[in-house]
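The values are calculated or read from the model by the stated rules, or taken from the named source; none is laboratory data. Note that the coordinates shown come from a computational prediction; the quantities given were computed from them, not determined experimentally. For neighbour counting, all protein chains shown are included, and Cβ atoms are generated from backbone atoms with ideal geometry for every residue, glycine included.
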Amino acid sequence: MSCNFTEKLSPMMDGELEREEAEQVKLHLSSCLICQQAQLDFLNLREQIKSHPYEPDASAQRQAIKRILRSEQTPFWQRKITLPVPVFSLMMLALFAFVAWSVYSRVTRPGATVPVGNYAYQDGLDLSRFDKGGRAVIYTTKR
Amino acid sequence: MNTRAKLILILLALVSSMMSGSRLRSTKASPVASDLKRMQFQIATIREHAGERTIISSSVIEGPPGTDFDIDIQGERFKMNAKFLTDFDQSNVLAIRAKLQTRRLYGYSPQGLPLYEEDEQSPALRLGLDEDIILLPFGRGSGEDRLKIEITPAMTEEPVYSPSGELRPLTINILKISPDGIVNIRASKIPHHYEAEARLLEDGREIARASANLLFEEAQELLLRSDTQAIAVKLKINEFIRSRPSDQVAINFDIHRADKSGNTREPVGLNWSGVARLGADINYDLSERYAKKYELRFNIKIAKGEIVD
């Protein structure tokens with residue numbers, strides 16, 4: 001045996017029906033044995049679910065938390081540093097001065113010479129590829 | 001015909017044969033010189049890289065024995081001049097006096113001035129016609145890349161003199177030009193062998209004489225001994241100057257006073273020089289160094305058998 005109001009019992013017990021509709025279901029419930037039995041069944045089931053022991057998986061929980069936190073963090077390359085303009089200007093000036101000083105000290109060190117490194121002739125034969133600083137050599141050889 | 005007429009005829013025949021013989025003989029070349037053949041030098045600049053050889057430039061010089069040549073390498077920061085004085089003697093041996101000069105840009109001074117590394121070598125080589133001369137401008141090197149100049153001498157079948165008796169001109173055939181003209185070749189033929197005579201005059205009167213054979217750019221000592229003294233003259237011919245009507249030579253010499261045995265040298269004049277016309281006298285006054293009027297007189301000629309243009 002079934003009743004048309006049975007399917008409205010669960011939403012009514014969860015508070016999901018409109019007030020007028022809920023009053024209608026309650027009025028019907030007072031006189032319908034089938035719906036009363038269904039309501040008892042729903043309540044029993046709820047109690048069983050509540051009383052069932054639940055133990056959460058700790059590692060799964062931690063991983064879930066990490067995923068949540070990670071999604072909220074900004075990647076390193078997208079982070080921004082904010083500096084006041086005078087501080088930033090001073091830093092750039094200091095960097096430029098350091099580079100200039102290091103180049104100047106290399107060039108003007110007393111007694112230092114700037115050895116000619118690899119050099120390329122303009123076009124054609126590049127003599128530098130042969131020149132390792134050796135002394136010219138001449139000798140005879142049998143053909 | 002009587003005997004007298006016969007004798008006159010024989011005499012005339014002899015005279016005419018002598019005169020015709022002299023006309024038949026070449027006016028430019030002696031019979032011995034006409035047998036001389038031209039020499040050839042093949043000069044190849046080669047790049048050796050990872051076992052492979054690539055010819056960068058190639059030239060052939062052809063001329064009479066005694067042809068000299070220069071090889072120049074000119075790069076942006078490296079320069080080499082290699083001069084070769086060649087002499088070919090009767091025993092088929094090629095005597096070469098080489099002079100190598102290199103100049104390499106090393107760097108810059110603290111004042112920004114360029115600093116160069118220079119080297120000079122003067123090796124003497126003797127080789128047969130079955131040998132080559134190898135010149136490594138940058139040394140033997142330890143890397144894979146090496147520049148090498150190979151000089152291959154050979155005798156040709158072409159005579160030094162043309163049928164008309166003229167000396168055949170020297171030729172340089174460039175078979176492959178080096179990129180950007182980095183390698184340059186020059187050749188020339190100048191006399192290498194000379195006969196030098198030195199005389200010492202006292203108040204215009206000859207009191208000592210000495211002579212010697214001189215090789216171009218090689219110093220030779222002449223010892224002039226008189227009754228009272230002896231002087232040693234070390235003479236060198238530095239340069240041959242082609243000039244008409246008569247060629248000239250630049251000379252350089254030192255004079256030392258010696259005892260009668262030729263020892264105990266005392267310098268009288270060092271590093272004196274001059275330009276002398278071949279076959280003409282050139283005088284040097286030594287009066288300042290002696291109480292009497294003394295003169296040193298040189299006369300330099302090209303040695304017999306030397307090939308002259």
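Annotations
- Residue that is surrounded by 14 or more Cβ atoms within 10 Å (Cβ to Cβ), in contact with a strand residue (DSSP E or B) (Cβ under 9 Å, 6 or more places away or on another chain) and at the interface with another protein chain (Cβ under 7 Å from one of its Cβ atoms), where the choices are B:125, B:129: B:125
- In segment B:73-84, the residues that are surrounded by fewer than 21 Cβ atoms within 10 Å (Cβ to Cβ) and in contact with a strand residue (DSSP E or B) (Cβ under 6 Å, 6 or more places away or on another chain): B:77, B:79, B:81, B:83
- The residue of segment B:107-120 that is nearest to the chain's Cα centre (by Cα), among those that are at the interface with chain A (Cβ under 7 Å from one of its Cβ atoms) and part of a strand (DSSP E or B), is B:119.
- Residue selected from segment B:155-183 under the condition assigned to a strand (DSSP E or B) and either surrounded by 15 or more Cβ atoms within 10 Å (Cβ to Cβ) or hydrophobic (A, V, I, L, M, F, W, C) (or both), by the criterion nearest to the chain's Cα centre (by Cα): B:167
- Of all residues in segment B:73-106 being of a type in the set (Ser, Thr, Tyr) and either in a loop (DSSP other than H, G, I, E, B) or closer than 17 Å to residue B:135 by Cβ (or both), the one that is modelled with the lowest pLDDT: B:91
- Qualifying residue in segment B:282-292 (condition: outside any loop (DSSP other than H, G, I, E, B), of a type in the set (D, E, K, R) and touching a helix residue (DSSP H, G or I) at 6+ places or on another chain (Cβ under 9 Å)): no
- Answer from A:114, A:87, A:137 - the residue that is within 7 Å of chain B (Cβ to nearest Cβ), out of contact with any Ser or Thr (no Cβ under 6 Å at 6 or more places or on another chain) and at pLDDT 85 or above: A:137
- Unmet criterion (only one of (1) modelled with pLDDT of 90 or more; (2) surrounded by 10 or more Cβ atoms within 10 Å (Cβ to Cβ)) for residue A:128: (1)
- Selection from segment B:46-72 of residues that are within 13 Å of chain A (Cβ to nearest Cβ), buried (at least 17 other Cβ atoms within 10 Å of the Cβ) and farther than 19 Å from residue B:131 by Cβ: B:56, B:57
- Residue within segment B:247-259 that is farther than 13 Å from residue B:276 by Cα, among the polar types (S, T, N, Q) and modelled with pLDDT of 90 or more present: no
- Of all residues in segment B:80-106, those satisfying the criterion of being under 20 Å from residue A:137 (Cβ atoms) and facing chain A (nearest Cβ under 10 Å) are B:80, B:82, B:84, B:94, B:96, B:98, B:100, B:101, B:102, B:104, B:106.
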